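Colleague: Following this message is one structure expressed as structure tokens.
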Amino acid sequence: MKIESIKTFTFFDETQRKYFIVKVETDDGITGLGEVGIGHWGAAIQQAIQHLSDLCIGADPLATERLWQRMFRCGFFPADKVYACAISAIDIALWDIKGKALDLPVYRLLGGPIRDKVVCYPHNRASTLAETVESCVETTRQGWKFARFDLPADLSESNESGPLFEPREAIPRAVELISSIKEAVGDAVNLCIDVHTRLDTANSVALCKALEPFNMFFIEDPLRSENPASYRTLRQQVSVPIAAGEQWSSKWDFREVIEEELINYARIDLCIAGGLTEALKITHWCETHFIDIVPHNPLGPVSAAAGVALCMASTNVGVQEMPRAPGSYAQDLFPKQVLFEDGYARPRDEPGLGVEFNETLALERPAPLNSWPPEFHRRDGSFNNW
Ligand SMILES: [Mg+2]
């Protein structure tokens, strides 16, 4: 079997949510699906996929490790984040092909199952504190065992570049929000707050200390990601569980925080970090340091299925990110997605990832390759991470 072609699709679902899906085709008719992790950078990543096609077309799709090494290293300069996203999507599609060729679900190829189902957390994102509390109550009522919300910006004070975000003002707002959520949903629901790289070290220490009484499941991305060594400073000063890693694009980015045990949860993004091939290595490395994985998945059904496959085969799992309940969205574009019930995901017992894709419909709903996420600003007009 040889790889014959690699196709890319960017399109919207019924709620105008954008997807970037990669399809790898082989000469004996088996195809596989992958998903790109940074949709906003679509044009650059599509260009990288086209460049990597030189290495893939005509190659054996089952030799995933050889192809990964060639894609990451063949340019002599190691793959950056753009290339890592391209490699991730192709690698996930190759594992889908491998499963279909060997007639096994991907989680079985990875050594699973080690568990029956994978606990997931939803996105509880809303415009006001009251609406965020309401959203947590609603997802708890639906059976989710976790609630996850953002470190709140001040949405009442926006200008043309977006909402105001003053770090020191966000801390008491977070305390107020979490107190209200706890009161509304009780102690049985695991609470996670996503700081979203909005703080520097001093304010992050202040936030983590303020949240110590709340028994949070984790504090996510309490620092910007460019300097993993800064987690050393934070770790020395706070005792809350820390989750980080969604912006890191290879095992080397995770090296320091794993080896020095600076985090408690590794937020591996399978669609950014290098696909299943790389995520499996990072996961096993974490196991030796008693760090659990919390796969980052703000994307669609292919990313979700890859994360669930990894969790089904890994002993060190905290929780899987699942923005919306699989099967409740984009059903026309993805008629088969992972199964979901009572806050838990289960893979389909079908060869490969078990995701079906309506390519014809995707072509009818094209989305632009490039876009920009929202922006936050500070009162003095300077920029703050979104
Ligand atoms: Mg995050």
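What follows draws every value from the coordinates through simple rules; no lab data is involved. Model, not experiment: these values are computed from the prediction. Please note: Cβ atoms are built from the backbone with ideal geometry, for glycine as well, and neighbour counts cover all protein chains shown.
Colleague: Where does each of 24-30, 325-331 land if you order them by average Cβ count within 10 Å, highest first?
Modeller: 325-331, 24-30
Colleague: Tell me which residues come under 5 Å, amide H to amide H, from ILE242 once H is placed; ignore anything under 5 positions away on its chain.
Modeller: Here the answer is ILE219, ASN264, TYR265, since their amide H atoms fall under 5 Å of that of ILE242.
Colleague: OK, next. Give the calculated FRET efficiency between ILE114 and GLU256 to the nearest 0.05, with a Förster radius of 30 Å applied to their Cβ-Cβ distance.
Modeller: Values: r = 28 Å, r/R0 = 0.92.
With a Förster radius of 30 Å, E is 0.60.
Colleague: Want the number for GLU131 to SER158: 0.36 nm per residue separation, take away the alpha-carbon distance, what's left?
Modeller: Taking 0.36 nm per residue and subtracting the Cα distance, the gain is 7.9 nm.
Colleague: Show the residues, 5+ positions off or on another chain, whose built amide H is closer than 5 Å to the amide H of PHE146.
Modeller: Amide H neighbours of PHE146: ASN190.
Colleague: Which FRET efficiency value, to the nearest 0.05, do you get for SER5 and GLU364 by plugging their Cβ-Cβ distance into 1/(1 + (r/R0)^6) with R0 = 25 Å?
Modeller: 0.75
Colleague: Taking the 0 to 90 degree range and rounding to the nearest ten, how far is the long axis of helix 201-211 tilted relative to the main principal axis of the chain, both from C-alpha atoms?
Modeller: 70 degrees
Colleague: So how tilted is helix 81-102 from the main axis of the chain? Cα-based, degrees 0 to 90, rounded to 10.
Modeller: For 81-102 against the chain, the angle is about 50 degrees.
Colleague: Taking the chain as the reference, fit the longest principal axis to its C-alpha atoms, fit the long axis of helix 64-73 to the helix C-alpha atoms, and give the angle between the two in degrees, 0 to 90, nearest 10.
Modeller: So the inclination is approximately 70 degrees.
Colleague: Using θ = phi - 60° and the Karplus form 6.51 cos²θ - 1.76 cosθ + 1.60, what ³J(HN,Hα) does each residue of the range 372-382 get, whole Hz, x for Gly and Pro?
Modeller: 10, x, x, 10, 10, 10, 9, 4, 7, x, 7
Colleague: Based on the mean of other Cβ atoms within 10 Å per residue, sort peptides 261-271, 242-252 so the most packed one is first.
Modeller: Those peptides, ordered most packed to least, come out 261-271, 242-252.
Colleague: Amide H of HIS296 versus every other amide H placed in the peptide plane: which residues, excluding those fewer than 5 positions away on the same chain, fall under 5 Å?
Modeller: Excluding prolines and chain starts, which carry no amide H, the hits are ILE268, ASP269, LEU270.
Colleague: Let me ask you something else. Of the GluC sites (Glu not before Pro) in the range 178-230, which ones lie in a loop per DSSP and count no more than 15 other C-beta atoms within 10 Å?
Modeller: Of the GluC sites (Glu not before Pro), the ones in loops of the range 178-230 whose Cβ has at most 15 other Cβ atoms within 10 Å are GLU226.
Colleague: Related question: Evaluate the charge dipole of the range 44-105 about its Cα centre and quote only its size in Debye, nearest 20, assuming +1 on the Cβ of each Lys and Arg and -1 on the Cβ of each Asp and Glu.
Modeller: 100 debye
Colleague: Same structure again: Please work out the FRET efficiency for the pair ALA188 and ASP28, using the Cβ-Cβ distance as r and a Förster radius of 41 Å; give the result to the nearest 0.05.
Modeller: Approximately 0.25, to the nearest 0.05.
Colleague: A further question on this structure: Restricting to Cα pairs below 8 Å that are 6+ residues apart, what does the relative contact order work out to for the range 124-201? Please round to a whole percent.
Modeller: Here the relative contact order equals 37 percent.
Colleague: For the chain, modelled as a GNM with alpha-carbon contacts under 10 angstrom, which of VAL355, VAL175, VAL22 fluctuates the most?
Modeller: Of the options given, VAL175 has the highest mean-square fluctuation.
Colleague: Please identify every one of the chymotrypsin sites (Phe, Trp or Tyr not before Pro) in the range 58-107 that sits in a loop by DSSP and has no more than 11 other beta carbons within 10 Å of its own beta carbon.
Modeller: PHE76
Colleague: Can I ask one more? Quick one: which of 294-306, 117-129 comes out on top by average Cβ neighbours within 10 Å, and what's the full order, highest first?
Modeller: Details: 294-306: 27.6, 117-129: 19.1.
Highest mean packing first, the order is 294-306, 117-129.
Colleague: What are the ³J(HN,Hα) couplings of the range 346-363, residue after residue, when phi is run through the Karplus curve with 6.51, -1.76, 1.60 and θ = phi - 60°? Round to Hz, x for glycine and proline.
Modeller: The phi angles translate into 9, x, 6, 7, 10, x, x, 7, x, 10, 10, 10, 8, 4, 4, 5, 4, 5 Hz.
Colleague: Between PHE77 and HIS51, what length in nm is gained on full extension when 0.36 nm per residue of separation is reduced by their alpha carbon distance?
Modeller: Roughly 7.9 nm would be gained on extension.
Colleague: Something else now. I need to check one value: relative contact order of the range 3-104, counting alpha carbon pairs closer than 8 Å and at least 6 residues apart, in percent.
Modeller: 33 percent
Colleague: Ordered by residue, what ³J(HN,Hα) values in Hz, to whole numbers, does the range 219-230 give under the Karplus form 6.51 cos²θ - 1.76 cosθ + 1.60, where θ = phi - 60° and Gly and Pro are x?
Modeller: 10, 9, 6, x, 10, 5, 9, 5, 10, x, 5, 5
Colleague: Might you report the magnitude of the Cβ-based charge dipole of the range 108-352 about its Cα centre, with Lys and Arg at +1 and Asp and Glu at -1, to the nearest 20 debye? Write out the running numbers ahead of the final one.
Modeller: Numbers: 23 positive and 35 negative charges, 131 e Å.
With Lys and Arg at +1 and Asp and Glu at -1, about 620 debye.
Colleague: Given the options ILE49, PRO113, GLY75, identify the residue whose Cα lies farthest towards the positive end of the charge dipole of the range 41-138 (+1 on Cβ of Lys, Arg; -1 on Cβ of Asp, Glu).
Modeller: Most positive-ward Cα: GLY75.
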